[in-house]
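Chemist: Dropping the structure in here first, questions after.
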Amino acid sequence: MQLKTARDLLDLFQTLIWVLLGLSIATFAGAIALSPDRRRTVVTVGGCLIFVGIALLAIRRLAGSFVVDALADAPNAHAVAGDVWNISTSLLVDVAEGGMLFGLFLVIGAWLAGQGRRATALRRGSSHSLRTHPGLVRGALGALILLLVIWGPVPWTQRWWGILIFTALAFLWLEWVRRRTLEEFPDEPPPRMPKRIRLES
């Protein structure tokens, strides 16, 4: 009876994860769409994803000891109970780690499009390439996405739907940053090599 109750609770737990994940995505998307300052909202959303991911992993680790103790009545059953908990909460780990990585990409992407000194300098330095070699820039982004797929740090980078959504968002972000950069620096010359490198060459 206790085993059946535990299985029912774990199934309910996994269902709640999917429901909460869907609600979170819808809420974040709505917040970004309705925000008057979308870049700042994207940074906030990315930060929330990173924080929530860390919090979920911490809660899973703390709750695991209590659940294992509750499931394992005998001392020799702790190892089995621990394996059951790890397998049952693997979806939670995937969601937490995937959200943290995606949140990091959101924060970096929004920062590169911001008005900060370093971000503006990066856009200025890349404006000539964005203007004269847009195909190479898109190809470089595609190569980076392929490297992400080969690396596969989180499950969504190994799912066709996950990488398809990420690729579409990444190229939309690139085109947005490219247009904004060309508006800011329409006649920026190619970046100059440092004097020391020119003299040595």
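Readers should treat all values here as calculations from the given coordinates under stated rules, not as data from a laboratory. Quantities reported herein were computed from a predicted structural model and do not represent experimental measurements. So basically every Cβ, Gly included, is an ideal-geometry build from the backbone, and we count neighbours across all protein chains shown.
Chemist: Arrange W173, W18 by Cβ neighbour counts within 10 Å, fewest through most, would you?
Modeler: Neighbour counts put them in this order, fewest first: W18, W173.
Chemist: To continue, here is another question. Hey, what do the phi angles of region 155-164 turn into as Karplus ³J(HN,Hα) couplings, whole Hz, using 6.51/-1.76/1.60 and θ = phi - 60°, x for Gly and Pro?
Modeler: Running phi through 6.51 cos²θ - 1.76 cosθ + 1.60 with θ = phi - 60° gives x, 5, 6, 10, 9, 4, 5, x, 6, 5 Hz.
Chemist: So what's the net charge close to S126: Lys and Arg +1, Asp and Glu -1, counting the other residues with Cβ under 10 Å from its Cβ?
Modeler: Cβ neighbours under 10 Å give a net charge of +3.
Chemist: Another one. Mind giving me the nanometre distance, one decimal, between the label points for I165 and A58, set 7 Å out from Cα along Cα→Cβ?
Modeler: Between I165 and A58, the simple spin-label model gives 2.6 nm.
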